[in-house]
1. Does Gln67 fit the bill of being surrounded by fewer than 16 Cβ atoms within 10 Å (Cβ to Cβ), closer than 23 Å to Asn145 by Cα and not aliphatic (A, V, I, L, M)?
2. Tell me which of these Ala38 doesn't satisfy, since it passes every other one: (1) free of Cβ contacts under 8 Å to residues at least 40 places away in the same chain; (2) of a type in the set (Gly, Ala, Ser); (3) farther than 26 Å from Ala129 by Cα.
3. So Ile61 clears everything in (1) touching an Asp or Glu at 6+ places or on another chain (Cβ under 9 Å); (2) in a loop (DSSP other than H, G, I, E, B); (3) modelled with pLDDT of 90 or more except one condition, right? Which one?
4. For region 96-123, give me the residue count where each residue is free of Cβ contacts under 8 Å to residues at least 40 places away in the same chain, open to solvent by 30 Å² or more (accessible area, probe 1.4 Å) and within 14 Å of Leu142 (Cβ to Cβ).
5. For a quick check of your reading: which strands (runs of 3 or more DSSP E) sit entirely within region 78-184 and have at least 3 residues that are under 24 Å from Ala60 (Cβ atoms) and either at pLDDT 95 or above or among the basic types (Lys, Arg) (or both)?
6. Right, Ala12: free of Cβ contacts under 8 Å to residues at least 24 places away in the same chain and either touching a Leu at 6+ places or on another chain (Cβ under 9 Å) or in a helix (DSSP H, G or I) (or both) or not?
7. State whether the residues of region 47-57 include one that is farther than 13 Å from Phe139 by Cα, open to solvent by 60 Å² or more (accessible area, probe 1.4 Å), under 23 Å from the mean Cα position of the chain (by Cα) and not β-branched (Val, Ile, Thr).
Amino acid sequence: MDQQETKNSILARIRAGKPSFHPLPEVPCYGYPGDPVANFVNKLLEFDGRAIKFKTRQDAIEWLGKQPETDSGKNVIYSSADGVDGNITEDELNDLHNAHRIETCVTDSHLGVGEMGSVWVTDNTLRHAACALLSRRLFIFLDSNDIVGGLHDAYSGIRLADHQYGSFYTGPSATADIEAVHITGAQGPLALTVMLYNCGDAPAEPMLMTNPNADTSVWQ
C-alpha cells in the first residue's frame, strides 16, 4: 500500500467513526436586572474606566476637542471616529509598527454591556486593532441606546462572521497576576474613557465619572 492509499484508508476510518449528528441545545437568554446604562457606568468605573454623559454626539465631540489628550501639537492622535481628526495618516499605518507612536486613539462602539461595563469594538469602526491596543489613552463614543443588559443579550446580537476583528474592551489594560498587585496599562491603554451620548440625564456641564480608588497618576 503506497502513501496515498494509506492516507485514504486512514481518512475513511475517521469518516466512518464520526459520531451521529446532534443539534446544539437551546440556550436560554438570561436577562440581567437593573438599568443597563446605570449598570454599565458602575461596572466600567469598577474596572478603572471613565465615563461621561452627553445629550448629543456633537456635545461629546466638542468636549473631547477641549481635552489635553487631543491637542494635536502635543500628541500623536489616531481617530476612526467621524467628526474627530487625527494626525497620523493611513499611509503611515501601512506599517502597523508605527501604531506604537499613538498616544490618543478615538473610535466608536455600537454595543455596550451593562453587566460588565464592556464595549464591543470591531474593524467596522476601529479599522486597525493595533491603534487601540498600542495607544496610551483610548476614547470611545457609545450611544446609550445601544447598551444591553447582559452578555447573553450582547452575544445574541453579534454576528462574528461580519467582522475580521471584534473584541470586548472593559476598562484600561490591567493585570494582577503577580502577587495580586494591580498594574494598570500592563499590555495596552493606560486609560479608557467612554463618551455616552443620547443621555436624557446628562448634566448641563459635562462631568467625568471616575473610580475614586483608581490610580489617576497613569492618566497624565
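The values are calculated or read from the model by the stated rules, or taken from the named source; none is laboratory data. Keep in mind it's a predicted model, so treat the numbers as computed, not measured. Quick reminder, even Gly has a Cβ in these numbers, built from the backbone with ideal geometry, and neighbours come from all protein chains shown. All accessible areas refer to the heavy atoms of the entire protein, side chains included, with ligands and DNA or RNA removed. Shrake-Rupley method; radii C 1.70, N 1.55, O 1.52, S 1.80 Å.
1. no
2. The number of the failed condition is (1).
3. (2)
4. Looking only at that region, the number is 1.
5. So the answer is 104-109, 118-122, 137-143.
6. It is true that Ala12 is free of Cβ contacts under 8 Å to residues at least 24 places away in the same chain and either touching a Leu at 6+ places or on another chain (Cβ under 9 Å) or in a helix (DSSP H, G or I) (or both).
7. yes
Residue-wise test of (1) under 17 Å from Ala214 (Cβ atoms); (2) touching a strand residue (DSSP E or B) at 6+ places or on another chain (Cβ under 9 Å); (3) open to solvent by 30 Å² or more (accessible area, probe 1.4 Å).
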residue	(1), (2), (3)
Ala129	no, yes, no
Ser135	no, yes, no
Ile140	no, yes, no
Ile147	no, yes, no
Tyr155	no, no, yes
Gln164	no, yes, yes
Ser167	no, yes, yes
Thr175	yes, yes, yes
His182	yes, yes, yes
